[in-house]
Amino acid sequence: SALPLCSRLPDDVKVSFEFFPPKTDKMAESLWAAVKRLEPLGPQFVSVTYGAGGSTRERTHDTVARIARETTLKAAAHLTCVDATREQVDDVARRYWDAGIRHIVALRGDSPESDGVYRPTPGGYAFAADLVEGLKKVADFEISVAAYPEPHPEAASPEADLDALKRKVDAGATRAITQFFFDVDVFNRFRDRAAAAGITVPIVPGILPVSNFATVTKFAGMCGASIPQWMAETFAGLDDDPDTRKLVAAMVAAQQCRALAAAGADQFHFYTLNRADLTYAICHVLGVRPPEPVPSPAMAEA
Ligand code: FAD
């Protein structure tokens with residue numbers, strides 16, 4: 001059989017890009033450069049994350065509103081249940097609706113407490129499924145939710161985790177975006193189990209282009225994603241060589257996406273970390289390109 005990089009791609013690959021709200025002017029500048037670089041690729045939507053305990057509430061709102069105002073992109077806002085009553089969450093959602101934002105990525109969020117144990121806020125939405133139900137009462141939002149090819153660390157069992165996903169879809173979510181993962185078989189098995197459980201919405205693989213392997217190992221440990229041995233071996237010896245690491249990272253993620261596409265995936269959600277270069281290159285390999293060739297930022301400066 002053909003290697004993933006040689007296999008045929010689906011005709012119409014769709015992508016979406018995730019950003020986080022910037023903390024400083026300098027970070028805002030690099031976020032904006034990334035947004036502008038990725039805009040001509042015509043993503044389905046771009047989304048902006050929401051900090052733990054609503055810590056980024058205003059920055060998330062401002063970033064989403066600015067994208068909606070100043071670009072042709074469809075902007076989606078992440079929203080969580082943490083540290084807020086239902087009324088407070090509903091108010092945030094209403095503000096989005098009034099600002100013309102029609103798509104929410106609805107999440108439970110994580111505990112802001114030092115013991116890390118999640119406890120629902122009194123008077124708040126307890127789980128993401130409750131949030132989806134509440135948002136649908138506020139307005140007819142398009143809603144995406146999270147899914148976990150390697151079960152969520154707090155799930156009682158993989159079956160209970162799938163039930164939780166099913167409840168989110170039954171409450172009105174029309175897309176599930178996965179936590180990042182590196183093993184393509186893990187994703188394919190999860191997609192098949194979700195289909196067997198009657199989940200019919202698209203399960204969109206969440207792709208984390210790895211440029212700093214040490215950081216990714218840390219993130220993966222926190223969210224229960226496994227790092228295959230081959231990946232550790234691929235990046236071994238490159239700790240002090242960021243240039244080579246970036247080239248290798250593009251190759252690894254492009255292979256992962258092509259292998260997913262060969263198994264039927266035609267939508268991809270990229271955790272961009274507010275940088276465009278790896279995501280842009282991987283999209284190119286997936287056939288997602290601007291209508292007219294665009295000079296790279298380096299060429300534009302030359
Ligand atoms: P849920 O679907 O509510 O599930 C949480 C856990 O509870 C699971 O273990 C589930 O099995 C279990 N569960 C669900 N319902 C019940 C029930 N009724 N009884 C008992 N157990 C139940 N975090 C942020 O803070 N901000 C973000 O912007 C953000 N964006 C994200 C985007 C994506 C695509 C993904 C995959 C994750 C994101 N997260 C974000 C992280 C997310 O908040 C955490 O993973 C969180 O721990 C779980 O959120 P959830 O929406 O999946 O929760």
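What the table shows:
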item	result
Among residues of the range 77-119, those that are over 18 Å from S55 (Cβ atoms), modelled with pLDDT of 95 or more, not hydrophobic (A, V, I, L, M, F, W, C) and not in a strand (DSSP E or B), counted	7
Only listed residue being more than 8 Å from the ligand (Cβ to nearest atom) and farther than 16 Å from D192 by Cα, chosen from A173, A156	A173
Some residue of the range 94-111 being under 18 Å from the mean Cα position of the chain (by Cα), open to solvent by 70 Å² or more (accessible area, probe 1.4 Å), of a type outside the set (F, W, Y) and farther than 25 Å from V15 by Cβ	yes
Condition broken by S7, with the remaining ones in (1) within 12 Å of the ligand (Cβ to nearest atom); (2) small (G, A, S); (3) at pLDDT below 95; (4) open to solvent by less than 70 Å² (accessible area, probe 1.4 Å) satisfied	(1)
Selected residue (criterion: farthest from the ligand (Cβ to nearest atom)) from residues of the range 97-138 that are among the acidic types (D, E) and free of Cβ contacts under 8 Å to residues at least 24 places away in the same chain	D98
Among residues of the range 135-168, those that are in a helix (DSSP H, G or I) and open to solvent by 10 Å² or more (accessible area, probe 1.4 Å), counted	13
Enumeration of residues in the range 70-85 that are within 15 Å of the ligand (Cβ to nearest atom) and touching a Gly at 6+ places or on another chain (Cβ under 7 Å)	T80, C81, V82, D83, A84
Extreme residue, surrounded by the most Cβ atoms within 10 Å (Cβ to Cβ), among residues of the range 176-225 that are in contact with a His (Cβ under 9 Å, 6 or more places away or on another chain) and modelled with pLDDT of 95 or more	I207
Per-region count, the range 240-283, residues without any contact (Cβ under 8 Å) to a residue 12 or more places away in the chain and in contact with a strand residue (DSSP E or B) (Cβ under 8 Å, 6 or more places away or on another chain)	0
Residue count for the range 67-76, restricted to those that are under 14 Å from S47 (Cβ atoms), open to solvent by 20 Å² or more (accessible area, probe 1.4 Å) and assigned to a helix (DSSP H, G or I)	1
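Quick grid of which residues meet (1) more than 18 Å from the chain's Cα centre (by Cα); (2) among the hydroxyl-bearing types (S, T, Y); (3) in a loop (DSSP other than H, G, I, E, B):
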| site | (1), (2), (3) |
| --- | --- |
| A220 | no, no, no |
| S226 | no, yes, yes |
| W230 | yes, no, no |
| D240 | yes, no, yes |
| T244 | yes, yes, no |
| V248 | yes, no, no |
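The values are calculated or read from the model by the stated rules, or taken from the named source; none is laboratory data. For clarity, every value in this text was computed on a predicted model and none was experimentally measured. Note that each Cβ is placed from the backbone with ideal geometry, even for glycine, and that neighbours are counted across all protein chains shown. Just so you know, the surface numbers come from the protein's heavy atoms only, side chains and all, with ligands and any DNA or RNA stripped out. Shrake-Rupley method; radii C 1.70, N 1.55, O 1.52, S 1.80 Å.
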